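*Asks:* Got a structure for you, written out below as structure tokens; questions coming shortly.
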Amino acid sequence: MEKRILGLDPGLARLGFGTIVCQKVDYAAAAGGDRAKRQVKTASEVVSLLDFGVIQTSAKTEMGERLRTIYEDLHTLMEQCQPHLVAIEKLFFYRMGNTIVVAQARGVLMLVLAQHGVPFVEFTPAQIKQALTGMGNADKSEVQQAVARELNLGYIPKPDDAADALAVALTAWFQE
């Protein structure tokens, strides 16, 4: 059985997204045949990268237009990846002005999810760090390295917002 999880790192200038695919391995199908199939037999679930990137808006653009861009691009993303679950990073309050604009973008995000009828889960930055590194106070590079390791990538996904979104998606997979 395949399950697609879309991770989102909310933002107004850059909203990061990352989609992973989780598959349960059918032991009966993996038992026979060649050596590669026998190696897969040891794992009950496999995760792989489907897509990642960012939805960007320019600070020079009027706020309503920026929110409309996020709305339209999120609809397109939802139609393309058709996730079974969406995982969202909870807001982190550090500067009130920035928090308000991120909350507005997050409101658009929540509306799009409701329109598509897709369930979602939310995680704090500390929960994401704990899930990926075992430490709730890990730094950004440790989390990014964990994302690359868990997805068997030879590189760290860029930009950072996309890597953060993949970390959120992986956290949801770990919580399953």
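Nothing in this text is a laboratory measurement; each read-out follows from the coordinates by a stated rule. On a predicted model such as this, the values are computed, not experimentally measured, just so you know. Note that each Cβ is placed from the backbone with ideal geometry, even for glycine, and that neighbours are counted across all protein chains shown.
*Asks:* Multiply the residue gap between H84 and T99 by 0.36 nm, knock off their C-alpha separation, and tell me the result in nm, one decimal place.
*Replies:* Full extension from H84 to T99 adds 2.6 nm.
*Asks:* Next question, about the same structure. Considering only the chain, what is the antiparallel percent among its DSSP beta bridges, to the nearest 5?
*Replies:* Here the share of antiparallel DSSP bridges comes out near 70 percent.
*Asks:* Follow-up question, since we're still on this one. Using the Cα centre as the reference, give the magnitude of the dipole from point charges on the C-beta atoms of the range 2-175 (Lys, Arg: +1; Asp, Glu: -1; all else neutral), rounded to the nearest 20 debye. Don't jump to the answer; show the numbers that get you there.
*Replies:* Numbers: 18 positive and 19 negative charges, 65 e Å.
The dipole magnitude comes to about 320 debye.
*Asks:* Which links in K60/K90; K90/K129; K129/K158 stretch past 24 Å when you go from one Cα to the other?
*Replies:* Violating the 24 Å limit, Cα to Cα: K60/K90.
*Asks:* Okay, moving on. Quick check: convex hull over the Cα atoms of the chain, volume per residue in Å³, rounded to an integer?
*Replies:* Per-residue hull volume (Cα only) is 118 Å³.
*Asks:* Another question about this same structure. What's the extension gain from E72 to E2 if we count 0.36 nm per residue and subtract their Cα-Cα distance?
*Replies:* Values: separation 70, 0.36 × 70 = 25.20 nm, distance 2.66 nm.
Between E72 and E2, full extension yields an extra 22.5 nm.
*Asks:* If the elastic network links every pair of Cα atoms under 10 Å, which of T61, T124, T19 fluctuates the most in the Gaussian network model of the chain?
*Replies:* T61
*Asks:* Let me ask you something else. Please report the base-10 log of the normalised intensity I(q)/I(0) for the range 78-138, using a Debye sum with one equal scatterer per alpha carbon and no solvent, at each q in 0.15, 0.29 (1/Å).
*Replies:* Here the Debye-derived log intensity ratios amount to -0.58, -1.11.
*Asks:* Hey, another quick one. Put +1 on the Cβ of each Lys and Arg and -1 on the Cβ of each Asp and Glu in the range 74-176; which of A103, L166, A146 then has its Cα farthest toward the positive end of the dipole?
*Replies:* A103
*Asks:* Using only Cα atoms and rounding to the nearest 10 degrees, what angle (0 to 90) does helix 63-81 make with the longest principal axis of the chain?
*Replies:* Approximately 20 degrees, to the nearest 10.
*Asks:* Oh, and also: Rounded to the nearest 500, what is the 222 nm mean residue ellipticity of the chain from helices alone, with -39500 (n - 2.57) per DSSP H run of 4+ residues and division by all residues?
*Replies:* Calculated at 222 nm, the ellipticity per residue is -15500 deg cm²/dmol.
*Asks:* Between A126 and T61, what FRET efficiency follows from the Cβ-Cβ distance if R0 is 35 Å, with the result rounded to 0.05? Mind showing how you got there, number by number?
*Replies:* Working: r = 33 Å, r/R0 = 0.94.
Calculated transfer efficiency: 0.60.
*Asks:* Give the order of L132, L6, L85, L111 when sorted by the count of other beta carbons within 10 angstrom, beginning with the fewest. If you can, show how the numbers build up before the last one.
*Replies:* Working: L132 23, L6 28, L85 19, L111 13.
Taking fewest neighbouring Cβ atoms as first place, the list is L111, L85, L132, L6.
*Asks:* Still on this structure: Report, in degrees rounded to the nearest 10, the 0 to 90 angle that the Cα long axis of helix 140-150 makes with the longest principal axis of the chain.
*Replies:* The helix 140-150 is inclined about 40 degrees to the chain.
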